[in-house]
Amino acid sequence: MRIPKRFLSLVVSILLIFAAVFTVNAQGKTYYIEELGLSLEIPSYMTATTRATNPNMTEGTYLEVASAAPDLDIRVHMIKNAKTEEFFNLSLLSSSALDEYKESLLSNSQFSDCTEGTYGGVLFLDFTTYGEEGNVSVYGRQSVTIVNGMSITIASTSDGDALTSEELEIIRDVVSSIKFDEILSNTPGVTFWQVFIPILIVILVLVLGFFVFSYFMAKKSKEEKKRRRKEQERKADYDVLKRAEKKLNVSQNSEGLGGYKTSDAFFEDAFSEQGNNNADANSSASQKQAPAASNVVKESKQAVKSTGYFFKNLKRELSKSKKNSKKSKKAKKPQDRKPRDYDVFND
C-alpha cells in the first residue's frame, strides 16, 4: 500500500509545528532583577517567585524557581558589603587573589570541585555542593561571582538524589542565559555633586591657604622694613657718633682736653716765639738786645698765666672729656710725650 505524498507532507508539517511550539516552550520566560541589574531565562514549566510577588522573601534572595518534575530548586542570592566592594569585580582580581578567594570558599566543607566559567561576560566559579537537612541529603551546584561590587550566587539544589544529567543541563541553560545591564571596570559611577564638592573643598582650602600665606608674608615684610629702618637709624647714629669722636680726637690732639691748649702747647708756642725773637735779635744790632729780653720775659709771664688757667679748668675739662668718650666705641690713648727740660710737670 502506497502512502500518498500529500499525506506525508501534511504529517511532516504538523510535526514541524509541534517542534516549534516545544522549542518556544523550552526557552521559557525571562526574569529581570532590577536590584542586581541582571536578567535570566527560566523554563516555562518552572514556577518563579520574585520580591514583587512575595515581599516577605528571605533577605538576600531575589528570585526563587521550583519544579516538581524534575525535583529542582533554583535561587538567586546577592550580598553587598565592604569586602565585595573592595573586590568589586572577580574578573579584575590577580591570579593570586583569585586563588585565595577560591580557597576561602572551598574551606566550607559543603563546597568541592571548583571550576571556572564565563556567563554574560562575567567570570563565575562553579562549585559542587552537598549538605543535609534533617535526614535528607541535599545535592546541588552553585555559581558564584563578584561583579559591580556585589556577590551574586545562582544556587541549584535537588533533595534526596544526586543531580541528574537533565537537571545539570537545565542549570547550565539558566546560568548561561544571564545578562548584565552593565559591567563596571573599577569603581561605580559618581554623580556631579560627588565630584564637584571635593573639588570645591580643595579650591577653598587653596584660597584660604593663599590668604594665610599672603598675610604672614605681608607681616614678615613689614617687620623686615621696620628692622631695616631701625638698622639705618642705628647706622646714622653711629656715623654721627663716629664723626663726633673723630672731631673730638682731632681737637684733643691739637689743643688738649676740652678744646683748651695744654701746657705743652703753651710752652711750645712761647719758646717758639722766643726762638724767633732771639734769631731776630742776633741779626739786629746789639742795641736791640734789651727789647728782645723784654719780649722773652713777657712771653714767659703769659705762659705761666696760661698754665695757671689750665690747672684751674683741668677738673672740669676731664669730666667733659669722660662724658664724650663714653659715646665713642674706642677712644684714642693720649700720645706719650718725652719729658723736656722746660716741661713744667717736671719742674
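The values are calculated or read from the model by the stated rules, or taken from the named source; none is laboratory data. The model shown is predicted, which means the values in this text are computed figures rather than measured ones. We place every Cβ from the backbone using ideal geometry, glycine too, and count neighbours over all the protein chains shown. The accessibility values were calculated without ligands, DNA or RNA, using every heavy atom of the protein model including side chains. Shrake-Rupley method; radii C 1.70, N 1.55, O 1.52, S 1.80 Å.
Tabulated results
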| quantity | calculated |
| --- | --- |
| Residue within segment 25-41 that is more than 24 Å from Val122 (Cβ to Cβ), part of a helix (DSSP H, G or I), at pLDDT below 90 and of a type outside the set (D, E, K, R) present | yes |
| Evaluation of Gly209 against (1) in a helix (DSSP H, G or I); (2) of a type in the set (Gly, Ala, Ser); (3) open to solvent by less than 50 Å² (accessible area, probe 1.4 Å); (4) at pLDDT below 90 (one fails), failing number | (4) |
| Qualifying residue in segment 121-132 (condition: modelled with pLDDT of 90 or more, over 22 Å from Leu168 (Cα atoms) and either part of a loop (DSSP other than H, G, I, E, B) or not hydroxyl-bearing (Ser, Thr, Tyr) (or both)) | no |
| Odd one out for Ser158, checked against (1) small (Gly, Ala, Ser); (2) touching a Leu at 6+ places or on another chain (Cβ under 8 Å); (3) open to solvent by less than 30 Å² (accessible area, probe 1.4 Å); (4) within 30 Å of Leu92 (Cβ to Cβ) | (4) |
| Segment 96-120, subset open to solvent by 90 Å² or more (accessible area, probe 1.4 Å) and part of a helix (DSSP H, G or I), residue nearest to Gly131 (Cα to Cα) | Glu103 |
| Neighbours by Cβ (under 6 Å, 6+ apart or cross-chain): first from segment 59-78, assigned to a loop (DSSP other than H, G, I, E, B); second surrounded by 14 or more Cβ atoms within 10 Å (Cβ to Cβ) and acidic (Asp, Glu) | Pro70/Glu167 |
| Selection count, segment 96-128, where residues are of a type outside the set (D, E, K, R) and under 28 Å from Glu182 (Cβ atoms) | 18 |
| Residue match in segment 162-170 (condition: among the acidic types (Asp, Glu) and crowded, with 18+ Cβ neighbours inside 10 Å) | yes |
| Count - residues of segment 121-133 that are among the polar types (S, T, N, Q) and loosely packed, with under 14 Cβ neighbours inside 10 Å | 0 |
| Counted residues, segment 53-86 - those being of a type outside the set (Ser, Thr, Tyr) and crowded, with 17+ Cβ neighbours inside 10 Å | 9 |
